[in-house]
Amino acid sequence: MADNADGGIKVADGNVRNGYYRQMMSNIERQAIDEASMVRIAGQLAECIVEQIDSHASESSKNPVVIYLQGDLGAGKTTFSRAFIRAMGHQGAVKSPTYTLVEPYDLSPPVYHFDLYRLGDPEELEFMGIRDYFSGNAICLVEWPDKGYGILPVADLTLTLAYHTGGSRDLTLTAHNPSMSATLARLDII
Ligand SMILES: Nc1ncnc2c1ncn2[C@@H]1O[C@H](COP(=O)(O)OP(=O)(O)OP(=O)(O)O)[C@@H](O)[C@H]1O
Ligand SMILES: [Mg+2]
């Protein structure tokens, strides 16, 4: 991948996806040796993001926090999202939104968990009323974001999961703007 002059990122297929992933501002890596360690990292990220949102609570313009979760089938995107949502105080079940496309959580701030794997066409997001979800100070966790390319709002943070046999996972967290970079810097010292 390479940055291009307009701030877009040239992806492997040679196309420039301007503004989609945006530029990489900073990157941190973690290894989750097992599921419990993945749950812990998700909880730490949730804590840092909520702190960052709270520190900007007095600002009148509020923007959602958009997190893309990438990785193969079974990499742990839902496991990570579930732990993130529980760390934010949700006590019930967190089911995978594979069929519903989105599951809402009435938390503070609200969380919307998307799984776009079964999305036929990015345009369907418009019919779902995507703008209502990506608004205010919501946190949007999006599995399979590529399926929404062109309509889905850009990411503030991309989490990429890679798995190894035996249950360990490599996590790469990439911030795409200064605010998320500050959040990752906090996470880095926990
Ligand atoms: N270190 C780990 N982190 C996360 N999940 C793990 C880990 N080790 C084993 N697992 C298991 O791997 C599976 C991950 O499944 P999960 O549904 O979270 O993946 P996914 O990336 O959401 O897949 P999909 O693309 O199908 O939505 C779970 O069964 C979980 O118990
Ligand atoms: Mg999943």
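Numerical summary
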{"item": "Test for Thr98: is it within 17 Å of the chain's Cα centre (by Cα), surrounded by 18 or more Cβ atoms within 10 Å (Cβ to Cβ), within 16 Å of ligand 1 (Cβ to nearest atom) and among the hydroxyl-bearing types (Ser, Thr, Tyr)", "result": "no"}
{"item": "Subset tally (residues that are within 16 Å of ligand 2 (Cβ to nearest atom), outside any loop (DSSP other than H, G, I, E, B), within 23 Å of Leu73 (Cα to Cα) and not acidic (Asp, Glu)) for segment 98-112", "result": "3"}
{"item": "Those residues of segment 64-93 which are crowded, with 19+ Cβ neighbours inside 10 Å and either within 12 Å of ligand 2 (Cβ to nearest atom) or among the acidic types (Asp, Glu) (or both), in sequence order", "result": "Leu69, Gln70, Gly71, Ala75, Gly76, Lys77, Thr78, Thr79, Phe80, Ser81, Arg82"}
{"item": "Residue check for Val39: at pLDDT 95 or above, aliphatic (A, V, I, L, M), crowded, with 17+ Cβ neighbours inside 10 Å and outside any helix (DSSP H, G or I)", "result": "no"}
{"item": "Selection count where residues are within 16 Å of ligand 1 (Cβ to nearest atom) and basic (Lys, Arg), scope segment 115-165", "result": "2"}
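The values are calculated or read from the model by the stated rules, or taken from the named source; none is laboratory data. In this text the structure is predicted, and so the values were computed from the model without any measurement. Every residue, glycine as well, gets a Cβ built from its backbone with ideal geometry; the counts of neighbours run over all protein chains shown.
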